[in-house]
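Participant: Just passing along the structure, written as structure tokens.
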Amino acid sequence: MRDGGAGLLDLSSRGRMLLSGTEVVTFLNGLITNDMKTLAVNSWMPAAFPNVQGRLLAGVRVIHRDDGFLIDTESATRETVLKLLERFTLAGDFRVEDVTDATAMLSVQGQKAVGGLNAVLGDEMAQVERHSVATAQLSDGERVDIIRATHTGEDGFDLLIASDAVEKVRDLLIEAGAESVDPEALETLRIEAGIARYGADMDETNVVTETNLDDAVSFSKGCYIGQEIIARIKYRGHVAKKLTGIIADGELALESGAKIFAVDEKEIGRVTSFTFSPQLQRTIAMAYLKYDYLAPGTPVKIRSSDEDYPAVVAELPFIRGSWY
């Protein structure tokens, strides 16, 4: 994928819920950080579900389809999102259907993703713009929703399909030149791309704006749960800590949650995810650092298993692939 090919990801384990009803925009707008009223049909936006303290319960993608709003979220937050939504189904015309098992999601990523998609669904389908959704049909009439998105820092397309069509679509994409990406390789690609994962790089202890989900927050919409805290932090100037990158020489086996220290031995943060990057030939880590130490190039020390490893702060993403 990094060398110009196309990788095939299976994202079917992510949670997917279809929302419908005349009051869906009203109810959902009071629960998430982005502005549903600005989301046109056949488009999507990132959003977050915060709690009353402005802390992150789930990051999601909201897709406005012709049959309602599809919520796409990580598998770790599927049950959380479902419970948050189901609380309101008796309050008005607001219906929630968990379609995770009935649907599947594949993603083709890399510079040759366009060619693979063209071969399977036709030339016009690869022209879908970012934050837009296109709909195509397989030869047997099965619906495919196409979303231009990256999970690796490379250009790519997510394909939402019925679960009984997933093997057919997978085989077609492989015939078109895509190669399956195993979970270990995907984790390395994810970290190189600086994409946070719930349960590893962010959770309910983090204020939404600490997690680099800035595009998921509207500061001009009406009230929603946690808005006061999130807005207060923004207009105060900045968060106390933020997710950023760390680079160290060599191939290091770090402890989960390894502490980070400034050169004067002040504890300033902790590691969340790390991997050895084959492209950079260094160990890279995502980490929360105190605001005063976020400048790229700042020297730090990672303390793991009672050993100190010199490192420097780096901007995310570590690798800017074809998506950029």
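The values are calculated or read from the model by the stated rules, or taken from the named source; none is laboratory data. Quantities reported herein were computed from a predicted structural model and do not represent experimental measurements. In this analysis, Cβ positions are derived from the backbone assuming ideal geometry, glycine residues included, and neighbour counts consider all displayed protein chains. Areas reflect the complete protein model, heavy atoms only, side chains present, ligands, DNA and RNA absent. Shrake-Rupley method; radii C 1.70, N 1.55, O 1.52, S 1.80 Å.
Participant: With bins 20 Å wide starting at 0, give me the P(r) of the chain over every alpha carbon pair, in whole percents.
Facilitator: Binned Cα distances yield the sequence 31, 56, 13, 0.
Participant: So, counting K/R as plus one and D/E as minus one, what does the shell of residues with Cβ under 12 Å around residue 82 add up to?
Facilitator: 0
Participant: Can you give me the C-alpha center-to-center distance between the stretch 73-138 and the stretch 1-61, rounded to a whole angstrom?
Facilitator: 9
Participant: Picking from 26, 69, 165, whose Cα lies most toward the positive end of the charge dipole for the chain (charges on Cβ: Lys, Arg +1; Asp, Glu -1)?
Facilitator: Farthest towards the positive end: 26.
Participant: Going by accessible area, probe 1.4 Å, with all protein chains left in place, what is the ranking of 273, 163, largest first?
Facilitator: Of 273, 163, the descending order of accessible area is 163, 273.
Participant: Provide the convex hull volume over Cα atoms per residue for the stretch 11-142, in Å³.
Facilitator: Once divided by residue count, the hull of the stretch 11-142 is 124 Å³.
Participant: Which value in Å is the Kirkwood Rh of the stretch 1-55 over different Cα pairs?
Facilitator: 14.4 Å is the Kirkwood radius here.
Participant: Taking the alpha-carbon distance from residue 112 and a cut-off under 25 Å, which lysines remain once sequence neighbours fewer than 8 residues away in the same chain are dropped?
Facilitator: Hits, sequence-local ones excluded: 168.
Participant: Considering only protein heavy atoms, with the full assembly of protein chains and a 1.4 angstrom probe, order 143, 78, 232 by accessible area, largest first.
Facilitator: 232, 143, 78
Participant: Can you list the aspartates and glutamates whose alpha carbon is less than 14 Å from that of residue 221, not counting same-chain residues fewer than 8 positions off?
Facilitator: 35
Participant: For residue 109, what is the net charge nearby, where nearby means another residue's Cβ is under 10 Å from its Cβ and Lys, Arg count +1, Asp, Glu -1?
Facilitator: Combined, the nearby Lys, Arg, Asp and Glu give -2.
Participant: Taking the Cα centre of the stretch 45-127 as origin and charging only Cβ (+1 Lys, Arg; -1 Asp, Glu), how large is the dipole, in debye to the nearest 20?
Facilitator: In debye, rounded to 20, the stretch 45-127 gives about 380.
Participant: Accessible area per residue for the chain in Å², computed with a 1.4 Å probe and the full protein assembly in place, what is it?
Facilitator: Ligands and nucleic acids excluded, the figure is 45 Å² per residue.
Participant: Ok, one more. Between Rg and the Kirkwood Rh of the stretch 47-103, both from Cα atoms, what is the Rg to Rh ratio?
Facilitator: 0.95
Participant: What accessible surface, in Å², does a 1.4 Å probe find on residue 135, ignoring ligands, DNA and RNA and rounding to the nearest 10?
Facilitator: 70
Participant: With +1 on each Lys and Arg Cβ and -1 on each Asp and Glu Cβ, and nothing else charged, work out how big the dipole of the stretch 91-222 is about its Cα centre, in Debye to the nearest 20.
Facilitator: 340
Participant: So, one more: Among the listed pairs 83/234; 234/301; 234/266; 259/290, which have their C-alpha atoms separated by more than 23 angstrom in this model?
Facilitator: 83/234; 234/301; 234/266
Participant: Using +1 on the beta carbon of Lys and Arg, -1 on that of Asp and Glu, and nothing else charged, what's the dipole of the chain about the Cα centre, debye to 20?
Facilitator: It works out to roughly 1220 debye.
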